[in-house]
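Take a look at the structure set out below.
Nothing in this text is a laboratory measurement; each read-out follows from the coordinates by a stated rule. Small disclaimer: the values here were computed from a predicted structure and weren't measured. Counting neighbours? That spans all protein chains shown, and the Cβs are built from the backbone with ideal geometry, glycine included.
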Amino acid sequence: MMQKYKTLLESIVVEGFDQIVQDVNLDEYAAMKEEVRFYKEKMEEASQALDVKTKCVVCLEQERGAVFELCNHAVCCNECAEKVVVCPVCRKHTNGIFLRCIL
Ligand SMILES: [Zn+2]
Ligand SMILES: [Zn+2]
């Protein structure tokens with residue numbers, strides 16, 4: 001990000017959009033708004049990706065918290081780990097054996 005925008009973005013965070021808009025010409029303002037939108041989207045994408053990565057692949061609701069002992073895959077929450085018969089990743093039988101952990 002250009003240093004100029006970085007400083008402007010910091011002012012937005014501290015003072016809000018309306019406060020600084022009179023100090024900025026309209027072209028800069030438009031470019032800045034575009035920049036803010038772009039980074040906001042990137043942040044949202046990143047947080048969604050992170051969410052998908054840490055959620056249980058079975059119920060997609062709870063955080064992953066179980067590691068299957070036979071294959072070491074950590075893709076389920078503790079509740080689902082108890083229910084699944086085979087590992088959702090490698091299809092190895094889990095035999096109901098898994099370790100509880102907090103990722
Ligand atoms: Zn689950
Ligand atoms: Zn597995």
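The table for this structure:
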item	result
Leu70 versus Leu50: modelled label distance in nm, points set 7 Å from Cα along the beta carbon direction	3.5 nm
Over 32 Å between alpha carbons, listed pairs Lys55/Lys92; Lys53/Lys92; Lys53/Lys83; Lys40/Lys92	Lys40/Lys92
Residues with amide H under 5 Å from that of Phe98, placed H, sequence gap 5 or more	Glu69
Rounded to whole Hz, the Karplus (6.51, -1.76, 1.60) HN-Hα couplings of segment 25-36, x for glycine and proline	6, 5, 4, 5, 4, 5, 4, 5, 4, 4, 4, 4
Burial ranking of peptide ranges 42-51, 87-96, 25-34, 65-74 (average Cβ count within 10 Å, highest at the top)	65-74, 87-96, 25-34, 42-51
Using θ = phi - 60° and Karplus 6.51 cos²θ - 1.76 cosθ + 1.60, couplings along segment 68-85 (whole Hz; Gly, Pro as x)	5, 5, 7, 10, 6, 7, 10, 10, 10, 7, 4, 4, 5, 4, 5, 8, 6, 9
At 1.002 mPa s and 20 °C, Stokes D of segment 53-103 from Kirkwood alpha-carbon radius, µm² per second	210 µm²/s
